[in-house]
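*Asks:* Have a look at this one.
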Amino acid sequence: MNETILFEEMVRGGGMWSFVLRRHHTLRLVDIDGGANLGLMAYNAGQPLDRLNLPDTLKAQYTAKLSRGNVLMSDMGHALLSITRDTVGWHDPLGGHGNAAMVEKKYGPAGYQERRNDWHRNAHDNFLIELGKYGLGKRDLVANVNFFSRVNVDAEGRMRFHPGNSNAGAEVDLRAEMDVLVILNTCQHPLDPGPKYQPKPVKLVILKTPPPDAADFCRNFREENKRSFILTERLFL
Amino acid sequence: MSTFILTESTLDPSKAIYDQILPSGEGWLYRIDRGQIFRIVDVEGNQAVDTLFYNAVDVTDRYSAQDTIREQGGIYLTTGTRLMSSEGRVLATIVADTCGRHDTLGGACAAESNQVRYAIEKRWMHSCRDTFLSTLAKAGNGMTKCDITHNINFFMNVPVTEQGGLSFADGVSAGGRYVELRAEMDILCLISNCPQLNNPCNAYNPTPVRLLIWKQ
């Protein structure tokens, strides 16, 4: 594989990160210990009003889970991130993220004063902190993906967290199809039934990767994906 | 096989303080006070009513599809569903429903998503998100595109399979069926009565809906 590691970052459990991933660079997410959850939102870095839209993403690809071949699409029909590689097979686009009240109710109080940097973080505040660094805020929160997590939906529509979805060393690669502002955190999935606050770390690897060619798997995964790529490529003519 | 539980309302339309028809392709932005009851009637059947709710005093606190389905532990909306906000508050509760199932995963149609879903040449056709933009622009209340979040599709059926597939199934609604909500705080309601002509879910035939409000 013709790829070069540009740099790596370790995000500890309950941590957060943001970055403008350059077009055709790849963000690799590595679940170090197994059982991680990585909440992610994505924006066109040049025009953040052009942003991840999970309903558009799911209905275009007739799916309620995300894996290799799927493309995270914006509300303007653009391809933001392509899932080019995935050792897990199912990432959750339904469960959303927790907030401070939910984390305290589930895991008890643990403020900074008492716990210093081992305090309990929550995904909502982490998202808002990282969004704020780009002048974005509550109005810019969108439905997020939970990488490494799985929520099953039964015939009655009931949602059930599927434990053990991701093993230690699991990896998923996200290739940027334009310069993409990625906002992420590693708080526990809000449906994770575990009674203890123990969010897992995720290693991030930023890679220089080849641009997709005409035979690219994600581009050709569905006709809808191809049209989303065409609309995206028009931004770069 | 999934179960539909239908709940009828006892409210009398002649006593409503608001009673209007909203044709397809048109938008509606309206304030509903806490405690008021709001009914949407699918007049002719299988009409998608793309709907968003906001906390009327702080529109950054708005309907969240993910929070709503997670907090009730199920993806379909019906009687008893509490519509949750992005800040974890209850905006409204569904108190009656003669359809039995409503979607909140499928989002709203847009010129651009129609290009992706159907054909690059489809950009010209009218869409819900264009209606949302037009309605907000005319309201002049400071709300813009970033306030157009992931909506409810009243009367639409978008089942998820146990294998994680998503389908746009045949309609489960019919002429005269309705859904009724009680506002749990002062809310703004933004509706696009869907003009979609590319999707069989409305039999390629967008139709009017009737909107009623009762003062409790």
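*Asks:* Taking the criterion of being crowded, with 16+ Cβ neighbours inside 10 Å, modelled with pLDDT of 95 or more, out of contact with any helix residue (DSSP H, G or I) (no Cβ under 7 Å at 6 or more places or on another chain) and facing chain B (nearest Cβ under 9 Å), would at least one residue in segment A:182-194 satisfy it? Step through it out loud before you land on a result.
*Replies:* As a first pass, look at segment A:182-194 and keep what is crowded, with 16+ Cβ neighbours inside 10 Å: A:182-192.
So of that shortlist, the ones also modelled with pLDDT of 95 or more come out as A:182-192.
Going one step further and asking which of them are out of contact with any helix residue (DSSP H, G or I) (no Cβ under 7 Å at 6 or more places or on another chain), we end up with A:182, A:184, A:186, A:188-189, A:192.
Add one more test, that the residue is facing chain B (nearest Cβ under 9 Å), and what stays is none.
Among the residues of segment A:182-194, not one is crowded, with 16+ Cβ neighbours inside 10 Å, modelled with pLDDT of 95 or more, out of contact with any helix residue (DSSP H, G or I) (no Cβ under 7 Å at 6 or more places or on another chain) and facing chain B (nearest Cβ under 9 Å), which makes the answer no.
*Asks:* Go over the candidates B:Ile187, B:Ile148, B:Ile152 one by one and state the one that is closer than 22 Å to A:Tyr62 by Cβ, modelled with pLDDT of 95 or more and β-branched (Val, Ile, Thr). Walk me through it before giving the result.
*Replies:* On the way: B:Ile187 fails: closer than 22 Å to A:Tyr62 by Cβ; B:Ile148 fails: closer than 22 Å to A:Tyr62 by Cβ.
Result of the check over B:Ile187, B:Ile148, B:Ile152: B:Ile152.
*Asks:* Still on this structure, I have one more. Before we move on, is A:Asp92 surrounded by 22 or more Cβ atoms within 10 Å (Cβ to Cβ) and within 13 Å of chain B (Cβ to nearest Cβ)? Reasoning before the result, please.
*Replies:* Details: surrounded by 22 or more Cβ atoms within 10 Å (Cβ to Cβ): yes; within 13 Å of chain B (Cβ to nearest Cβ): yes.
When the stated conditions are applied, A:Asp92 passes them.
Here's the yes/no breakdown for (1) of a type outside the set (S, T, N, Q); (2) under 22 Å from B:Ser86 (Cα atoms):
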| position | (1), (2) |
| --- | --- |
| A:Asp56 | yes, yes |
| A:Gln61 | no, no |
| A:Ala64 | yes, yes |
| A:Ala79 | yes, no |
| A:Ile83 | yes, no |
| A:Pro93 | yes, yes |
| A:Gly98 | yes, yes |
| A:Val103 | yes, yes |
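*Asks:* Filter segment B:159-182 down to the residues that are facing chain A (nearest Cβ under 8 Å) and of a type in the set (Val, Ile, Thr), then identify the one that is surrounded by the most Cβ atoms within 10 Å (Cβ to Cβ).
*Replies:* So the residue we want is B:Val160.
*Asks:* Quick one: B:Gln36 ticks every box in (1) more than 14 Å from chain A (Cβ to nearest Cβ); (2) out of contact with any Phe, Trp or Tyr (no Cβ under 6 Å at 6 or more places or on another chain); (3) crowded, with 23+ Cβ neighbours inside 10 Å except a single one, so which number is it?
*Replies:* Condition (3) is where B:Gln36 drops out.
*Asks:* Can you pull out the residues in segment B:77-108 that are closer than 21 Å to B:Cys128 by Cα and within 9 Å of chain A (Cβ to nearest Cβ)?
*Replies:* B:Arg101, B:Thr104, B:Leu105, B:Gly106, B:Gly107, B:Ala108
*Asks:* Would you please name the residue that is surrounded by the fewest Cβ atoms within 10 Å (Cβ to Cβ), looking only at residues in segment A:50-88 that are within 14 Å of the chain's Cα centre (by Cα) and part of a loop (DSSP other than H, G, I, E, B)?
*Replies:* The selected residue is A:Ser67.
*Asks:* A further question follows. Looking only at segment B:144-158, which residues are assigned to a loop (DSSP other than H, G, I, E, B) and either of a type in the set (Ser, Thr, Tyr) or free of Cβ contacts under 8 Å to residues at least 24 places away in the same chain (or both)?
*Replies:* Initial filter on segment B:144-158 (assigned to a loop (DSSP other than H, G, I, E, B)): B:144, B:148-151, B:155-158.
If the condition is that a residue be assigned to a loop (DSSP other than H, G, I, E, B) and either of a type in the set (Ser, Thr, Tyr) or free of Cβ contacts under 8 Å to residues at least 24 places away in the same chain (or both), then B:Thr144, B:Thr149 are the ones that fit.
*Asks:* Another one. What number of residues within segment B:66-119 are farther than 29 Å from A:Gly77 by Cα and either surrounded by 23 or more Cβ atoms within 10 Å (Cβ to Cβ) or of a type in the set (Ser, Thr, Tyr) (or both)?
*Replies:* 9
*Asks:* So, of the residues in segment A:127-174 that are part of a strand (DSSP E or B) and β-branched (Val, Ile, Thr), which turns out to be nearest to A:Gly98 (Cα to Cα)?
*Replies:* So the first thing to find is which residues in segment A:127-174 are part of a strand (DSSP E or B), and the list is A:145-147, A:151-153, A:158-161, A:170-174.
This time we only want the ones that are β-branched (Val, Ile, Thr), so: A:145, A:151, A:153, A:172.
Values: A:Val145: 13, A:Val151: 15, A:Val153: 19, A:Val172: 23 Å.
Ranking the qualifying residues of segment A:127-174, first place goes to A:Val145.
*Asks:* Which residue pairs have Cβ atoms closer than 8 Å, lie 6 or more positions apart in sequence or on different chains, and pair a first residue in segment B:76-91 that is without any contact (Cβ under 8 Å) to a residue 24 or more places away in the chain with a second residue that is among the aromatic types (Phe, Trp, Tyr) and in a strand (DSSP E or B)?
*Replies:* Cβ pairs passing all conditions: B:Met84/B:Tyr63.
*Asks:* Select from segment B:39-65 the residues that are of a type in the set (Asp, Glu) and surrounded by 24 or more Cβ atoms within 10 Å (Cβ to Cβ) and write down the one among them that is nearest to the other protein chains (Cβ to nearest Cβ). So that I can check it myself, show each step before the final result.
*Replies:* So in segment B:39-65, the residues of a type in the set (Asp, Glu) come out as B:42, B:44, B:50, B:58, B:61.
Keeping just the survivors that are surrounded by 24 or more Cβ atoms within 10 Å (Cβ to Cβ) gives B:42, B:50.
Details: B:Asp42: 20, B:Asp50: 11 Å.
So, considering only residues that are of a type in the set (Asp, Glu) and surrounded by 24 or more Cβ atoms within 10 Å (Cβ to Cβ), the one nearest to the other protein chains (Cβ to nearest Cβ) is B:Asp50.
The values are calculated or read from the model by the stated rules, or taken from the named source; none is laboratory data. Owing to the predicted nature of the structure, the values given are computational and were not obtained by experimental measurement. Cβ sites come from the backbone with ideal geometry, for glycine too, and all protein chains shown count toward neighbours.
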